[in-house]
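To start, the structure under review is shown below, and the notes come after it.
Bear in mind that the values in this text are calculations on the coordinates, not laboratory data. Since the model is a prediction, treat every value here as computed from it, not as a measurement. Reconstructed Cβ throughout: ideal geometry from the backbone, glycine too, with neighbour counts over all protein chains shown.
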Amino acid sequence: MRNLTKTALFFRLLFVAVLSGYSVSAASQIYSLEYKTGPYVYRCDCTVAEFDSLTPPQGYQSVLRVEGAMNSWEITSVPPQGVASSFVHAGFTFDYLATLLGNVSLGAGVNGFRVERDIPFTFDAGSVVHELSAPDGKVYTMFIADIDYLETTDIVMGNLDAFIGMSVPAGWAYSSRVLVNPLVLDAGGVATVYNNGGNSLWELTEDADSDGVTDAGDNCISIANPDQEPSSVNPSCGAVCETASCAGVTCVNH
Ligand SMILES: [Ca+2]
Ligand SMILES: [Ca+2]
């Protein structure tokens, strides 16, 4: 189970790395001890040490998540018909936890996956963000990087050149910049995430008005309003969206 142990350490360090450079509006470092078969995830009623000592059943693989970083991958807590609600393995009970969201095509043979994530990541003004641009112009913002504490100590997310030389899919481009305004990665519930070779996670960041609040969380998608001041008429809508000159602007209720 060496790999699992290393993975656990890896994610713990990743999370610390993320928190040390940026702010996250909610955080915990609770680990889920899970087995996955296909899209179905089961959580172990056991300790980390107990879980670490187990070999997964045939057809299952170990999954270890940090809750808070990607809070919920599940689309339901009720197992679909025909899927077991629990099973016992090596004396431990595994209860059904989730059905994972599926992979999505990001174009040209590049796949991402969807995660349910309801915790916005806030990148403060003045911090460095690392971005991948896809051939279709869509931008993916890195929110977790593979920093192996034991082997690599010189990757600093706050460095503009931290990931120069990283391999990216054909037609994609990497860049980095210092934020003038805060950037909020708010998936609005479901995020599309690209995993770059297992080394880093990049979230699709659609910000039509470039005000630093991504579309899913923007209370006025097409008008820049970084302060997100709410409308006095409809608090779920941005104030800038209620004026006559903004007629027809779509407001996002959330
Ligand atoms: Ca926006
Ligand atoms: Ca806006």
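Charge tally for Gln61 (other residues, Cβ to Cβ under 11 Å; Lys, Arg +1; Asp, Glu -1): 0. Taking the average, over residues, of other Cβ atoms within 10 Å as the packing measure, peptides 97-103, 129-135 rank 129-135, 97-103 from highest down. Across the stretch 90-103, computed HN-Hα scalar couplings (Karplus, 6.51 cos²θ - 1.76 cosθ + 1.60, θ = phi - 60°) run 6, x, 10, 8, 10, 9, 4, 10, 6, 10, 6, 5, x, 6 Hz from first to last residue, x flagging Gly and Pro.
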